[in-house]
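The values are calculated or read from the model by the stated rules, or taken from the named source; none is laboratory data. Being a predicted model, the structure only gives us computed values, none of them experimental. Glycine also receives a Cβ, built like all others from the backbone with ideal geometry; neighbour counts cover every protein chain displayed. The accessibility values were calculated without ligands, DNA or RNA, using every heavy atom of the protein model including side chains. Shrake-Rupley method; radii C 1.70, N 1.55, O 1.52, S 1.80 Å.
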Amino acid sequence: IEAERRAHRNGGELMIYLDGVGPAMREVMERLEYRVSPETYDLLLWPKSLLTSGPATADLANWRFSFADHDAF
């Protein structure tokens, strides 16, 4: 809520929440009326050997990301 206040105060028109930090945060964002969007994202993993060196890295359910991890914006 504070982030929304600051964005609005500084002229922001919208905020984007990139889901990826788990179901608890997803529930909070839904209560704040953030909308679900149909976009999907692909995980690029480098070096590719990480996929075979440990089964945990090959399971997408083990990966989480937050906006801080997303540099496209």
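With charges set only on the Cβ (+1 for Lys and Arg, -1 for Asp and Glu), what does the dipole of the chain come to about its Cα centre, in debye to the nearest 20? Show your work: numbers first, answer last.
Numbers: 8 positive and 12 negative charges, 30 e Å.
Here the chain has a charge dipole of around 140 debye.
Can you give the helix-only mean residue ellipticity at 222 nm for the chain, where every DSSP H stretch with n ≥ 4 adds -39500 (n - 2.57) and the sum goes over all residues, rounded to the nearest 500 deg cm²/dmol? Walk me through the intermediate numbers first.
Values: 4 runs with 25 residues, N = 73.
Helices in the chain give a 222 nm mean residue ellipticity of -8000 deg cm²/dmol.
If I take R0 = 35 Å and measure r between the Cβ atoms of R5 and L45 in this structure, what FRET efficiency does the formula 1/(1 + (r/R0)^6) give, to the nearest 0.05? Before the final figure, lay out the partial values.
Numbers: r = 36 Å, r/R0 = 1.04.
Plugging the Cβ-Cβ distance into 1/(1 + (r/R0)^6) gives 0.45.
On average, how much accessible surface per residue is there in the stretch 17-64, in Å², for a 1.4 Å probe, leaving out ligands, DNA and RNA? Let's see the in-between values first.
Working: 4290 Å² over 48 residues.
Accessible area per residue, the stretch 17-64: 89 Å².
If you project the alpha carbons of the chain onto their three principal axes, what span does each projection cover, largest first, in Å?
47, 24, 22
Give me the extension gain from S53 to E27: residue separation times 0.36 nm, minus the current Cα-Cα distance, reported in nm with one decimal.
Working: separation 26, 0.36 × 26 = 9.36 nm, distance 3.37 nm.
This chain segment gains 6.0 nm when fully extended.
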